[in-house]
Amino acid sequence: MSALSSAPFTAEAIAAEGIRPEEYEEIVQRLGRHPNKAELGMFGVMWSEHCCYKNSRPLLKQFPTEGDRILVGPGENAGVVDLGNGLHLAFKIESHNHPSAVEPFQGAATGVGGILRDIFTMGARPIALLNSLRFGSLDDARTRRLFQGVVAGISHYGNCVGVPTVGGEVYFDRAYADNPLVNVMALGLMETPAIVKSGAKGIGNPVLYVGSTTGRDGMGGASFASAELSDASMDDRPAVQVGDPFLEKSLIEACLEAFKTGAVVAAQDMGAAGITCSTAEMAAKGGVGVEFDLDKIPVRETGMVPYEYLLSESQERMLFVAEAGREQELIDIFERWGLHAVVAGTVIAEPIVRILFKGEIAAEIPATALADNTPIYHRELLAEPPEYARQAWDWTSSSLPTAAIAGIHIQAQSYTWNDVLLTLLATPTIASKQWVYRQYDHQVQNNTVMMPGGADAAIVRARPINSPNPQPPTPNPGVAATVDCNPRYVYLHPYEGAKNAVAEAARNLSCVGAEPLAVTDNLNFGSPEKPIGYWQLAEACRGLSEACRAFNTPVTGGNVSLYNETLDADGKPAPIYPTPVVGMVGLIPDLTQICGQGWRQESDIIYLLGVAIADRAAPAVTLGGSEYLATLHQVVAGKPPIVDFDLEGRVQSACREGIRQGWVQSAHDCAEGGLAISLAESCISGNRGASITLPVTNPTVLRWDELLFGEGGARIVVSVPRSHQAAWETYLEQHLSGHWQTLGQVTGDKLTIHTADQQTLIQAPVGTLSDRWQFAIERALEVNAE
């Protein structure tokens, strides 16, 4: 007889905890008995995809995780890298997708709070936030509500807690209409002499609960994050946590002060799965057990039962293991900051999690059964790419209308290349995100060097407030950070699309003069139980792994968010585009050697680094998967650009060297929208015009739209003063021969793009370009609100 048939729960009750029938059988086998209600809930959250990565863990093993600068890799609350000069940087990215779909303000706000706790739990003071956001079309009223709510939630929490939001990305596509993505990345500088780890140690050491009170908010949030969204998901509002950024600010200061006493043996944030996860993970990582008494926990609601205590995801809470005899020292610190701190448990030798309630054992489970010895599913990979991908790959630009010097005729409407450029600049994905970042305090702490929108990556000073290193860093170092992913590329070709995400992140860092160091990734995908969903996930992981090795940027950790699908009223799933967001950090040795994306001065020479413009086919530069193809032609097809690791490395190295030598005054990569958009954005950012000559007269192999708006090619547009022209070009011939060319110069107040025989393709005042680009999102919100 199966254990399920004799279970004290109905099949529906077991399924409601996210537990499969075969998993329930495994639970009974491990316990040697049926679980009680509290234990069933504990297994439900800890065996969810959100907590145990049961579908993705085999794929994550291929990621490179070690390197000369890696101090802490995957497995802890955050990764840590060595910046030199005694400076250590902690960083991590996390998702809060499903909560933000149901309650956008609190969902996004508590996503910020959670990632900050991951940082300061390591002993690091948070210094910067970035976010990677995905929404549907702004034509849709629900999308506008989600967009405005998420941005308000991020700004509220970040602004109140006093950590600057310095960068990020926002994409708009109908694929995210009902399932937005909210990924938040945080950076922090270590303040403690030693990195604080999470493994419990010392039999008999006290376990302290610190921070806020426990309530019923966030109940089952981890399981909620591991299921598809449906029309009934609005009923799951209790699974969305409620945050208090002012309390978290006190928690940051109290924790850092406590860590510096040396009395804290281990620390763990209470994030997903709350008390269940923190007790189980601390015990399992330390090879010990934890006995924990729920009666000691400060609560904000009455009548709570063990199931509710254990699954609550109330925010701003931590668990410490303290040195025996020093617990009062820590309690005094937290009480001085107006926070709760109580001894609620003990480290025990038996490797179990034992939960007490009203003098009785409420739950008792082997720690490893909850934390690391969890189910793993090895799924079968499709023998060949799915039909949708094979059909998309058959697309070629020859199917498009004829492109002439004067423009192109699309669906009974004629467009000049000026029209196309202005249309793309006003596309929300390409347009200025000032409506977003002007709501964020991006200058608090006074360490933000590059303002949002000014460069391809964010830059902050590596200036700790309280450093364990008594010597000030010399010279003046900085940290650059970026988050990147073109989801359309990944949808069309997960392997190449994922490689492109890593390459673009490294390129963006190089454009500000930073050396790429390491990666944290957020894998946002649909259901791995569907063959296509698993193929997308597996192929993207393969691409990420290969690219991170090629760029020598090990993965220090991250987050996996699966089941990003929306079930309609008929139960049919609609998955998002596969979106493996790459968060990458880089080192700037000297902050006097950086640059932004805007032209700096009249008559500077403009160069293109990477695949040169010529009338020949190149798989590295294509309209496949491009913003131009999707926006103007309403087509999502083709193969995305093919990444050339060797060329990318040489182009990025040349750009960094040019910046450090003082030759390069501006640098901007060619991404969505291709060369024409890159040139326009440099004009807008610098408020200066440019005269550009494409070295093509009458192309026979390529098309004019491919030359102007094709994407890929490891390309960076830079500007260099004439006084440095000889030194710069000598360097390029030595290190990048055949992969650079002069395009024109900075001049006037218009962007003009000519052919080699001086026929005009594009001519537009910078003011017109700026107006279309700068206010596109505001206009979309205003027009659609009427």
**OP:** Report yes if F91 is part of a strand (DSSP E or B) and of a type in the set (F, W, Y), otherwise no.
**Re:** yes
Original post:
Among the residues of the range 415-422, is there at least one that is in a strand (DSSP E or B) and either closer than 18 Å to L708 by Cβ or at pLDDT 95 or above (or both)?
Top reply: yes
Original post:
So which helices (runs of 4 or more DSSP H) are wholly in the range 653-764 and hold at least 3 residues that are farther than 25 Å from A404 by Cβ and touching a strand residue (DSSP E or B) at 6+ places or on another chain (Cβ under 8 Å)?
Top reply: 674-686, 725-735
**OP:** Please identify the pairs in which a residue from the range 278-294 that is touching a residue at least 60 places away in the same chain (Cβ under 8 Å) has its Cβ atom under 6 Å from the Cβ atom of a residue that is in a loop (DSSP other than H, G, I, E, B) and surrounded by 24 or more Cβ atoms within 10 Å (Cβ to Cβ), counting only partners at least 6 apart or on another chain.
**Re:** M282/A200; A283/A200; G286/A200; V288/A200
Subject >> The lone exception for G218 - which of (1) in a loop (DSSP other than H, G, I, E, B); (2) at pLDDT 90 or above; (3) under 25 Å from A267 (Cβ atoms) it fails >> reply: (2)
Subject >> First in the range 696-710 and more than 17 Å from P619 (Cα to Cα), second anywhere and of a type in the set (S, T, N, Q) and open to solvent by less than 10 Å² (accessible area, probe 1.4 Å), Cβ under 7 Å, 6 or more apart >> reply: V696/T755; T697/T755
**OP:** For D68, state whether it is in a loop (DSSP other than H, G, I, E, B), over 30 Å from I27 (Cα atoms) and open to solvent by 30 Å² or more (accessible area, probe 1.4 Å).
**Re:** yes
**OP:** Give the residue that is nearest to P531 (Cα to Cα), with candidates limited to residues of the range 39-56 that are assigned to a helix (DSSP H, G or I) and open to solvent by 10 Å² or more (accessible area, probe 1.4 Å).
**Re:** H50
**OP:** Scan the range 434-454 for residues that are surrounded by fewer than 20 Cβ atoms within 10 Å (Cβ to Cβ), assigned to a loop (DSSP other than H, G, I, E, B) and of a type outside the set (D, E) and jot them down.
**Re:** R438, Q439, Q443, M451, G454
Subject >> Test set (1) in contact with a strand residue (DSSP E or B) (Cβ under 8 Å, 6 or more places away or on another chain); (2) within 19 Å of Y209 (Cβ to Cβ); (3) open to solvent by 20 Å² or more (accessible area, probe 1.4 Å) - E350 fails condition number >> reply: (2)
Original post:
What is the residue count in the range 343-372 for residues that are basic (K, R) and assigned to a strand (DSSP E or B)?
Top reply: 1
Original post:
Do we find that T768 is part of a strand (DSSP E or B), open to solvent by 10 Å² or more (accessible area, probe 1.4 Å) and either basic (K, R) or touching a residue at least 40 places away in the same chain (Cβ under 8 Å) (or both) in this structure?
Top reply: no
Subject >> Subset of the range 286-342 (residues that are within 22 Å of G44 (Cα to Cα), part of a helix (DSSP H, G or I) and either open to solvent by 70 Å² or more (accessible area, probe 1.4 Å) or in contact with a Gly (Cβ under 9 Å, 6 or more places away or on another chain) (or both)) >> reply: P306, Y307, E308, Y309, L310, L311
Original post:
Considering A714, A726, which residue is among the hydrophobic types (A, V, I, L, M, F, W, C) and open to solvent by 20 Å² or more (accessible area, probe 1.4 Å)?
Top reply: A726
Subject >> Residue match in the range 644-656 (condition: within 17 Å of R507 (Cα to Cα), under 33 Å from the mean Cα position of the chain (by Cα), of a type in the set (S, T, N, Q) and buried (at least 20 other Cβ atoms within 10 Å of the Cβ)) >> reply: yes
Subject >> Condition check for F63: buried (at least 23 other Cβ atoms within 10 Å of the Cβ) and touching a residue at least 12 places away in the same chain (Cβ under 8 Å) >> reply: no
Subject >> Members of the range 1-38 that are of a type in the set (A, V, I, L, M), outside any helix (DSSP H, G or I) and more than 34 Å from the chain's Cα centre (by Cα) >> reply: M1, A3, A7
**OP:** Please tell me if R703 is of a type in the set (K, R), open to solvent by 30 Å² or more (accessible area, probe 1.4 Å) and in contact with a Leu (Cβ under 7 Å, 6 or more places away or on another chain).
**Re:** no
Subject >> Complete set of residues in the range 69-112 that are out of contact with any Pro (no Cβ under 7 Å at 6 or more places or on another chain) and aliphatic (A, V, I, L, M) >> reply: L71, V72, A78, V80, V81, L89, A90, I93, V102, A108, A109, V112
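The values are calculated or read from the model by the stated rules, or taken from the named source; none is laboratory data. These figures come from a predicted structure and were not determined experimentally. Cβ sites come from the backbone with ideal geometry, for glycine too, and all protein chains shown count toward neighbours. Accessible surface is based on the protein model in full, side chains and every heavy atom, while ligands, DNA and RNA are left aside. Shrake-Rupley method; radii C 1.70, N 1.55, O 1.52, S 1.80 Å.
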